[in-house]
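Visitor: Structure provided below as structure tokens; questions to follow.
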Amino acid sequence: MITGKTAVVGIIGDPVEHSLSPLMHNAAFKHLKMDYAYVPFHVKRGDLESAIDGARSMGIKGLNITIPHKTEVINYLNEITQTAQLIGAVNTIKFDQTVISGYNTDGIGAVKAIEEKTSIHGKKIIIMGAGGAARAISFQLLYNGAGEVLIANRTMKNACKLTEDLQKNFSGSIGCLGLNDKLNEELKDADVLINTTPVGMYPNEDQKPILTRDMMHCDLIVNDIVYNPLKTGLLREAEKAGAKTITGTKMLIYQGMESFQIWTGISPSVEIFEKALMTGLGYR
């Protein structure tokens, strides 16, 4: 029951109606018997500053930030974590009296999803795509000790631009390549492959995957951050090659859990988040 004592957190974006975050967070609050409510707020472009001011004035405890506000929101924060600053985007903010702090939990979510299968330390990791998700994940991987990170993208210029940004902040083996024969060669001794492109995302589930089974190997771990459908064409091909697979729901769950911990100081159950998410996606 929501009362005047209920602590409010939420998510802002444009659009925001599709967000599955309320399902996960509210399920965890209910399970833990915490007097919190997670609410989606539709905030249009141009209204972000007034929305942040309003949230602070109303005593909202924290917010997730989604498209298109992840970069602009930095202008309205008092402090920001090192990784969020490196990434140049914030997806979680916390209100603490007069201080607004910014974090990026997207990369952390991806790292924790992979670490269900293997440590990333010293590993060779190939990321397909060069957009915002690839940026967050690549910075976090290197920050957490990945041995080699290669950015593969259809438009080489974008892959090399992200690579240059990574090289300015990290030493080690960092490179860029296209979606071509060089990618196939690099995959032969890769430990982890992460797809951050929308290829195979609903409603284009039948879209041809970027890679097929003959390009992958049985010691590879393949993570597709697309979570609808749960098993993308890429993951089906990976399974045929005998590779281990990670669905996109894992990153979504872990980034949400990290936000939950930032706001409340409590680490929620993976199982509670996963059950709520799977129900929301229609798998349970």
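Bear in mind these aren't lab numbers, they're just calculated from the coordinates by the rules spelled out. Just so it is clear, the structure is predicted and the values come from calculations on it, not from any experiment. All Cβ positions, glycine included, derive from the backbone under ideal geometry; neighbour counts span all protein chains shown.
Visitor: Pairs of alpha-carbon atoms within less than 8 angstrom and 6+ residues apart define the contacts here; what relative contact order does the chain have, in percent? Don't skip to the end; give the middle numbers.
Guide: Numbers: 561 pairs, mean separation 45.5, N = 284.
Worked out over the chain, it gives 16 percent.
Visitor: Towards the positive end of the charge dipole of the stretch 108-246, with charges on Cβ (+1 Lys, Arg; -1 Asp, Glu), say which of 151, 215, 187 has the farthest Cα.
Guide: Farthest along the dipole direction, towards plus: 151.
Visitor: Using just the alpha carbons, could you tell me how many Å³ per residue the convex hull of the stretch 38-137 encloses? Let's see the in-between values first.
Guide: On the way: hull volume 12.3 nm³, N = 100.
Spelled out: Cα convex hull of the stretch 38-137, divided by residues, is 123 Å³.
Visitor: For every helix of n ≥ 4 consecutive DSSP H residues, a contribution of -39,500 (n - 2.57) applies; sum these over the chain, divide by its total residues, and give [θ] at 222 nm rounded to the nearest 500 deg cm²/dmol.
Guide: -11000 deg cm²/dmol
Visitor: Another question, if that's okay. Based on the Kirkwood radius over alpha-carbon pairs, what is the Stokes-Einstein translational diffusion coefficient of the chain at 4 °C with 1.567 mPa s viscosity, in µm²/s? Please report the intermediate quantities before stating the final value.
Guide: Values: Rh = 19.5 Å.
So the translational diffusion coefficient is about 66 µm²/s.
Visitor: Name the residue, out of 17, 258, 239, whose mean-square fluctuation peaks in a Gaussian network model built on the chain with Cα pairs under 10 Å.
Guide: The residue that fluctuates most here is 17.
Visitor: Please compute the net charge surrounding residue 117, taking Lys and Arg as +1 and Asp and Glu as -1 over other residues with Cβ under 13 Å from its Cβ.
Guide: Values: positive: 112, 123, 244, 250; negative: 115, 116, 191, 219.
That sum, taken over residues with Cβ under 13 Å, equals 0.
Visitor: Would you mind estimating how fast the stretch 108-246 diffuses translationally, via Stokes-Einstein at 20 °C and 1.002 mPa s with the Kirkwood radius over Cα pairs, in µm²/s?
Guide: Numbers: Rh = 14.7 Å.
It diffuses with D of about 146 µm²/s by this estimate.
Visitor: Continuing with the same structure: Take the alpha carbon atoms of the stretch 94-112, find their center, do the same for the stretch 222-280, and report the distance between the two centers in whole angstrom.
Guide: 19
Visitor: Say the dipole of the chain comes from +1 at the beta carbon of Lys and Arg and -1 at that of Asp and Glu; which of 132, 254, 108 then lies farthest toward its positive end?
Guide: The one lying farthest along the dipole's positive direction is 254.
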